[in-house]
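Since the structure comes first, as structure tokens, the remarks are kept for the end.
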Amino acid sequence: MSVISYSESGWDTQDDRWDDWEDEEMNAPMTCLFCTQQFQSPIILFRHVKQAHGFDFLKTRAALDLDFYQSMRTVNYIRTLGLSDPNFANVSGFSIDGSEAFLNDDAYLKPAIPDDSLLYALDELDLDDTASVASSRVGSLARTPQIEGLESPKERELMARIRALEQQLGLRERDMKFATEQFDEYRQMVKRQFYDTIDATAAAAPSAAANGDAAPEGSDYYFNSYAGNDIHMQMLQDKVRTEGYRDFIYNNRDIFQGKVVLDVGCGTGILSMFAARAGAARVIAVDNSDIIHKARANVIENKLDGVITLVKGRIEELELPVDQVDIIISEWMGYFLLFEAMLDSVLVARDRFLAPGGLLAPSASYIYLTAINDDEYMKDRANYWDDVYGFKMSAMKDTRPAKEADVDVIPSSAVMATRALIAEIDHGTTTPAALDFSSSFVVQVTRNATVHALLGYFDVAFSRAQTTPGPGYEDLTESAYTDGTDVAAKALWKQPESAMGGFTTGPHGTPTHWKQTVFVLREPIVAVAGDELRGQFTCKKSTSNPRELDLEITYFHVPAAMKDQAEAARQTAICQQYQLR
């Protein structure tokens, strides 16, 4: 008799070829856990894994009583190792004993390779019965019973095809069930994160700002923005930033040796790997962005997975595998220091996990204000719409009451005044509420020029002990950075004998990805050396989005000859509002 086969043109009784009958999607090959060899049956695949690579998956699964999800995590973990090590295919001995952290890490439920058909086969096949090809399936179809007495090779081949089809049908049913469950989970997530929080966000934001707590977020847009490669490359290539952390960690190995370190917002894992190389006994790296999957591969590739444990999630909600940590490292700074409000998360980590006497790196931060004169900036940015190839476009100007603060690199030659310290933050004692601040300021004009804008920037300090988080006031005065020493890539202060480190984002230093924040004045001020600008600077989280900032500057000009009449000059004060979005 002819073997009935199926082709795109319909039923074909003349063609005995099984290859034409079989649809490619219905019989997706499964790739070995270690090498690139592919198989149609998971049982044959696992036999190959045992014989060629020395890992008896089926026996291990039975001995450790691994459930479906732990089996899935094991598959994805091994595949992750293979993705990060080109020589992994040559592995001839691999084993697990059930104590591995990845067995309970939900990050490994995400397929390491796209469309991994082996993951679905884990649940569809009875992996403990190595003599069986198919197992019970999800769904209402029963398995075809064994038919005895089939003598003809064609009959046995036909029965084998029927069983294979049932297996593939089971896989598709599992695929559909999995997709349905994923959609239901996604739908519930959207409901929780959007619909259920939209009223709570509006109601909670004002009180949250008053109490210093972060208002609820309506989406994961912030974390998703850190999932790509480009933003991390930009930050890693910022040598002031990356080498500032590296130098502090490597130059102070004695305080990292044998310690437990928590890295909040680990990104690519660079700070965690610095800490591990410096001798930390254990490093726990946390990030709520999908970049953590690449960070895990980076850690494995550099053979630091024995020290570094990566955990995906919000630090506010996570339970760590340890009760306390000795050091918290985090690169949390945003534009104007506080944009993105990530310091709030670091403070939560501090209060939940930092041991008494523990250290935060960085340990302190400072925000400064000065004045600039920059004709080129005003022409290219602030007054651009006044002359566009000879045409005026006034309608394009920002006429909103609260203008956008600009983020740009300003040359040191534009600075025309002393600086004022408007915020000093001890990371060991501050609170989220204290990060909304209002501070008076006085800057003195150093040369005859027109003040076009006020300029904000920040410095950070790294201390060996949180009891002395940063430099004293005397180290923050003008004389500390105008004595002829090279401060281009370092902080504004002289480095004390305690080996305190740090860096600046100011215009006098090497440019960083944080740049500086420009607050263009409504009306430029003509000033001469010795004049002063005085005022009040207020910074607070936006009530519409707590990761953004609302800023208000009230300022007035005090000519040098009228310093004893400053109160009279205050009557001419101008108040401007800015947004940092």
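Here are a few things to note about the model shown:
- Residues in the stretch 38-88 that are more than 29 Å from the chain's Cα centre (by Cα), closer than 20 Å to Asp115 by Cβ and open to solvent by 60 Å² or more (accessible area, probe 1.4 Å): Gln38, Gln40, Ile44.
- Screening Ile410 on (1) open to solvent by less than 20 Å² (accessible area, probe 1.4 Å); (2) part of a loop (DSSP other than H, G, I, E, B); (3) touching a Gly at 6+ places or on another chain (Cβ under 6 Å) shows it passes everything except condition (3).
- Test for Leu318: is it aliphatic (A, V, I, L, M), closer than 14 Å to Asp459 by Cα and touching a residue at least 24 places away in the same chain (Cβ under 8 Å): no
- Checking Ala395 against (1) modelled with pLDDT under 95; (2) small (Gly, Ala, Ser); (3) within 30 Å of Ala561 (Cα to Cα), the condition it does not meet: (3)
- Selected residue (criterion: most open to solvent (accessible area, probe 1.4 Å)) from residues of the stretch 522-565 that are touching a residue at least 12 places away in the same chain (Cβ under 8 Å) and acidic (Asp, Glu): Glu523
- Every test in (1) part of a helix (DSSP H, G or I); (2) within 40 Å of the chain's Cα centre (by Cα) is passed by Lys540 save one, and that test is (1).
- Candidates Arg61, Arg47 - the one that is outside any loop (DSSP other than H, G, I, E, B) and over 19 Å from Tyr108 (Cβ atoms): Arg47
- Only one of Ala434, Ala417 that is aliphatic (A, V, I, L, M) and under 26 Å from the mean Cα position of the chain (by Cα): Ala434
- The set of residues in the stretch 245-267 that are in a loop (DSSP other than H, G, I, E, B) and either under 13 Å from Thr309 (Cα atoms) or touching a residue at least 60 places away in the same chain (Cβ under 8 Å) (or both) comprises Asn252, Lys259, Gly265, Cys266, Gly267.
- Members of the stretch 211-244 found to be modelled with pLDDT under 85, part of a helix (DSSP H, G or I) and either among the polar types (S, T, N, Q) or in contact with a helix residue (DSSP H, G or I) (Cβ under 8 Å, 6 or more places away or on another chain) (or both), listed by number: Asn211, Asn224, His232, Gln234, Met235, Leu236
- Pick from the stretch 378-396, criterion charged (D, E, K, R) and exposed (fewer than 13 other Cβ atoms within 10 Å of the Cβ), ranking: nearest to the chain's Cα centre (by Cα): Asp380
- Considering only residues in the stretch 253-268 that are open to solvent by less than 10 Å² (accessible area, probe 1.4 Å) and modelled with pLDDT of 95 or more, the one that is farthest from Ala112 (Cα to Cα) turns out to be Phe256.
- The stretch 366-401, residues that are polar (S, T, N, Q), touching a helix residue (DSSP H, G or I) at 6+ places or on another chain (Cβ under 8 Å) and closer than 24 Å to Tyr457 by Cα: Asn373
- From the options Ile327, Ile308, Ile284, Ile291, residue that is among the aliphatic types (A, V, I, L, M) and free of Cβ contacts under 8 Å to residues at least 40 places away in the same chain: Ile308
- Qualifying positions in the stretch 504-530 - touching a Pro at 6+ places or on another chain (Cβ under 7 Å) and within 17 Å of Val445 (Cα to Cα): Pro507
- Check on Asp459, within 30 Å of Asp531 (Cα to Cα), charged (D, E, K, R) and at pLDDT below 95: yes
- Entry remark, the stretch 68-104: residues being more than 18 Å from Leu310 (Cα to Cα), aromatic (Phe, Trp, Tyr) and in a helix (DSSP H, G or I) number 3 in total.
The values are calculated or read from the model by the stated rules, or taken from the named source; none is laboratory data. Quick caveat: nothing in here was measured; it's all calculated off a predicted structure. Counting neighbours? That spans all protein chains shown, and the Cβs are built from the backbone with ideal geometry, glycine included. The protein model used for the area step is the full one, side chains on, heavy atoms only, and it has no ligands, DNA or RNA in it. Shrake-Rupley method; radii C 1.70, N 1.55, O 1.52, S 1.80 Å.
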